[in-house]
Ligand code: HXC
């Protein structure tokens with residue numbers, strides 16, 4: 001449950017969150033709303049978007065929905081232009097929409113590769129370009145891309161997603177340098193295993209998978225969408241994070257560092 005933030009750090013501001021109908025996207029949208037901001041959620045399915053909007057409005061702020069597939073550059077651009085036309089500004093763009101499944105690379109069809117790369121890499125660029133144009137004109141804004149640590153360390157079975165998220169990381173750093181001098185910050189948040197329906201079904205479908213993933217996290221637990229959203233809200237808040245640009249904040253309980261392979265001999269009986 002997300003409660004109103006006493007900081008009211010986003011009062012008078014406007015955010016767009018792709019994939020805002022569920023999971024981490026919904027939690028980020030809610031956290032922005034808790035900070036007093038207007039939020040427009042974008043996604044493919046109208047119903048979950050409407051539910052997010054109702055949850056956002058319950059916090060006493062304005063919500064909007066735009067139903068489109070982030071793979072459709074024209075539709076996504078029109079949706080973002082529509083937000084600026086209606087609300088007069090865009091302060092935050094969260095590229096959260098993702099698609100994922102685990103597949104050995106040699107079995108992955110070109111269609112499967114394209115679906116994930118189109119959503120994650122191309123969709124992020126389309127959203128960034130559309131929002132960035134308004135932000136550059138206004139001379140301020142924050143873009144946040146949701147990635148995963150395999151963007152830099154790789155992971156078997158995720159070649160499509162890792163390549164796409166690696167591209168998003170390169171895009172983030174490139175635009176941080178390209179746009180930073182014009183008031184637009186671009187950062188990433190990198191969640192570890194997060195307790196959401198989408199991630200669970202795609203990445204740890206069985207109890208054995210789930211136990212194995214859990215065993216890889218030094219913190220010994222999954223994270224929650226709300227915990228990720230708290231870090232996202234920090235990066236989006238230009239008062240607190242105004243000097244952070246082109247960086248990645250890992251919210252993963254130390255998972256990507258915790259690849260312990262040597263056993264402690266003193267612990268052996
Ligand atoms: C192998 C698969 C597959 C699977 C789909 N495909 N699922 N191949 N194993 N499990 C192939 C299809 O056969 C098809 O190939 C191509 O991918 C496109 O599939 P469609 O179903 O037609 O595409 P579409 O409806 O656009 O679906 C896109 C999707 C889907 C990515 C495949 O899963 C999706 O939209 N997911 C959104 C929700 C989601 O995945 N959320 C999880 C995010 S979690 P052909 O050859 O027939 O064209 C996340 C966290 C990562 O990203 C970090 C963890 C630490």
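We did not get these values from a lab; they are worked out from the coordinates using the rules stated. What you see is a predicted model; the values in this text were computed from it and never measured. Cβ sites come from the backbone with ideal geometry, for glycine too, and all protein chains shown count toward neighbours.
Please compute the alpha carbon radius of gyration of the range 142-269, then divide it by the globular-protein estimate 2.2 N^0.38 Å. Two decimals is fine.
Relative to the 2.2 N^0.38 Å estimate, the range 142-269 comes out at 1.20.
Determine the gain in length on full extension of the stretch residue 46-residue 107; use 0.36 nm per residue of separation and subtract their C-alpha separation, reporting nm with one decimal.
18.7 nm
Does anyone have the angle between helix 159-179 and the longest principal axis of the chain? Alpha-carbon axes, 0 to 90°, nearest 10?
40 degrees
Can you tell me how the range 1-153 classifies by the Cα gyration tensor, rounded, prolate or oblate, using a/c under 1.5 as the rounded cut?
Cα axes put the range 1-153 in the prolate bin.
Let me have the relative contact order for the chain, percent, based on Cα pairs under 8 Å that are six or more residues apart.
17 percent
With a/c under 1.5 counting as rounded, go ahead and sort the range 104-165 into rounded, prolate or oblate using the C-alpha gyration tensor (a ≥ b ≥ c being the square roots of the eigenvalues; past the cut-off, prolate if a/b is larger than b/c, else oblate).
oblate
Could you state the angle between the C-alpha long axis of helix 73-87 and the longest principal axis of the C-alpha atoms of the chain, as a value from 0 to 90 degrees rounded to the nearest 10?
Computed tilt is about 50 degrees.
Sorted by mean Cβ packing within 10 Å, highest first, what order do the peptides 35-43, 53-61 take?
Top to bottom by mean Cβ count within 10 Å: 35-43, 53-61.
Name the shape class, rounded, prolate or oblate, that the alpha-carbon gyration tensor gives for the range 78-123, where a ≥ b ≥ c are the square roots of its eigenvalues, rounded holds for a/c under 1.5, and otherwise prolate holds if a/b is larger than b/c and oblate otherwise.
It is prolate, given that a/c is not under 1.5 and a/b is the larger ratio.
Calculate how steeply helix 23-34 sits against the longest principal axis of the alpha-carbon atoms of the chain, using the helix alpha-carbon long axis, and give the answer as 0 to 90 degrees to the nearest 10.
40 degrees
Tell me, what is the percent relative contact order of the range 127-251, built from C-alpha pairs under 8 Å that lie six or more residues apart?
For the range 127-251, the relative contact order is 31 percent.
Would any residue of the range 185-211 have its amide N under 15 Å from a label point 7 Å out along Cα→Cβ of residue 115? List them or say none.
Counting only backbone N, you get 198-199, 201-203.
Over the range 153-195, what number does the Rg to Rh ratio reach, with both radii from the alpha-carbon atoms and Rh per Kirkwood?
Answer for the range 153-195: 1.09.
Could you work out how far the C-alpha centroid of the range 188-213 sits from that of the range 90-113, in angstrom?
15 Å
As a check on your grasp of the helix formula, calculate [θ] at 222 nm for the chain: sum -39500 (n - 2.57) over DSSP H runs of n ≥ 4, divide by the residue count, round to the nearest 500.
About -13500 deg cm²/dmol.
I need the peptides 96-103, 68-75 ranked by packing, meaning the mean over residues of other C-beta atoms within 10 angstrom, with the highest value on top.
96-103, 68-75
Subtracting the Cα-Cα distance from 0.36 nm times the residue separation, let me have the gained length for residue 57 to residue 209 in nm, one decimal.
Value of the extension gain: 51.0 nm.
For a Förster distance of 51 Å, can you work out the FRET efficiency between the beta-carbons of residue 178 and residue 266, rounded to the nearest 0.05?
0.50
Between residue 129 and residue 202, take the C-beta separation as r, use R0 = 30 Å, and let me know the FRET efficiency to the nearest 0.05.
Approximately 0.65, to the nearest 0.05.
Report, please, the projected area of the chain averaged over directions, based on the convex hull of its C-alpha atoms, in nm².
It is 15.8 nm².
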